[in-house]
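Working notes, beginning with the structure itself.
The values are calculated or read from the model by the stated rules, or taken from the named source; none is laboratory data. These numbers were taken from a predicted model, which means no experiment stands behind them. Neighbour counts run over all protein chains shown; Cβ positions are idealised from the backbone, glycine included. To get the accessible areas, we keep the full protein, side chains included, count just its heavy atoms, and leave off ligands, DNA and RNA. Shrake-Rupley method; radii C 1.70, N 1.55, O 1.52, S 1.80 Å.
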Amino acid sequence: MGHPLPLGPDHGGALAAFAQRLRRAASATRLLAAWCAERGIGEGPIRIERHASPLADIPAAEVAALLDAEATAEIRHRCVTLRRGAVALSDCDIWWLPARLAPAMQAKLDATDHPFGLVVARLHPTRRMLSETVLPPGGPHALEHRALLLTGDVAPRPFALVRESYRRVLVD
């Protein structure tokens, strides 16, 4: 698991506050919507902009192991930017097991601009943070998170792996 962010002047209060809320959030998309509404960032609902999926830099075997999947299981990947109106908020890679989603959820992921977290909300997912990295100043992103999304109360099972790079506009 990643280390908590320092609260010193190098990282600013807004970044530390955002990271702390993200660590506790069940849904990054719902956190983004609330955070943006509180701070007047963008307008309207959170939507995605799809990108051609580049060759994943996480080996398929590692993704399968993190998702507790058979090596032959189908794993889907999508690369998106989450936006609120014209404002880009985060860039995300999502790997998931379609076999662990309802067919209607998979169809919605394929056919709409709805964020992954909102589509799978009926699963009542929880997040298990794998890493948290404060990114150096000067680039478009301030914070990167890697997390597993899990479902189930008794024995939670992972169904998705996310890598989320949050843009500076959220914390500047």
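Once you have the Cα-Cα distance between A34 and V87, take 0.36 nm times their residue separation minus that, and quote the gain in nm to one decimal. Mind showing how you got there, number by number?
Working: separation 53, 0.36 × 53 = 19.08 nm, distance 1.47 nm.
Difference between extended and current length: 17.6 nm.
What residue among E144, E132, E62 has the largest mean-square fluctuation in a Gaussian network model of the chain, using Cα springs under 10 Å?
E62
Sort 69-79, 97-107 by packing, meaning the average of other beta carbons within 10 Å per residue, with the highest value first. Spell out each step's value before the answer.
Numbers: 69-79: 13.5, 97-107: 15.5.
Taking the mean over residues of other Cβ atoms within 10 Å, the ranking is 97-107, 69-79.
Compute the separation of the alpha-carbon centres of the range 54-100 and the range 126-150 and state it in Å as a whole number.
14
Give me a comma-separated list of calculated 3J(HN,Hα) values for the range 60-73, in order, Karplus coefficients 6.51, -1.76, 1.60 applied at θ = phi - 60°, integers in Hz, x for any Gly or Pro.
The phi angles translate into 4, 5, 5, 4, 4, 5, 4, 8, 6, 10, 4, 4, 9, 5 Hz.
Rounded, prolate or oblate: which one fits the range 102-172, using the alpha carbon gyration tensor with axes a ≥ b ≥ c (rounded when a/c is under 1.5, else prolate when a/b beats b/c, else oblate)? Working shown, then result.
Working: a/c = 3.22, a/b = 1.60, b/c = 2.02.
Oblate shape, in that a/c is at least 1.5 and b/c is the bigger or equal ratio.
Which residue fluctuates most in the GNM of the chain (Cα springs below 10 Å): R128, R23, R39?
R39
Picking from V80, V63, V162, which is most flexible by a Gaussian network model of the chain using Cα springs under 10 Å?
Ranking V80, V63, V162 by mean-square fluctuation puts V63 first.
Report the extension gain between A104 and H51 in nm, rounded to one decimal, defined as 0.36 nm multiplied by the number of residues separating them, less their alpha carbon distance. Each step should come with its number before you reach the end.
Values: separation 53, 0.36 × 53 = 19.08 nm, distance 2.23 nm.
Roughly 16.9 nm would be gained on extension.
Can you pull the percent of the chain's accessible area that's carbon plus sulfur, 1.4 Å probe, other chains left in place? Walk me through the intermediate numbers first.
Working: 5000 of 8880 Å².
Solvent-exposed carbon and sulfur of the chain make up 56 percent of the total.
Amide H to amide H, which residues 5 or more places from L135 or on other chains are under 5 Å from it, using H placed in the peptide plane?
It is L143, E144, by chain and number.
Report the charge-dipole magnitude of the range 35-121 in Debye, nearest 20, computed about the Cα centre from +1 at each Lys and Arg Cβ and -1 at each Asp and Glu Cβ.
Here the size comes out at about 340 debye.
Decide, for the range 32-172, between rounded, prolate and oblate: order the square roots of the alpha carbon gyration tensor eigenvalues as a ≥ b ≥ c, take rounded if a/c falls under 1.5, and otherwise choose prolate if a/b is larger than b/c, else oblate. Please report the intermediate quantities before stating the final value.
On the way: a/c = 1.72, a/b = 1.43, b/c = 1.20.
Cα axes put the range 32-172 in the prolate bin.
Kindly provide the helix-only [θ] at 222 nm of the chain, computed as the sum of -39,500 (n - 2.57) over DSSP H runs of four or more divided by all residues, to the nearest 500 deg cm²/dmol? Each step should come with its number before you reach the end.
Details: 5 runs with 44 residues, N = 172.
Estimated from H runs of four or more residues: -7000 deg cm²/dmol.
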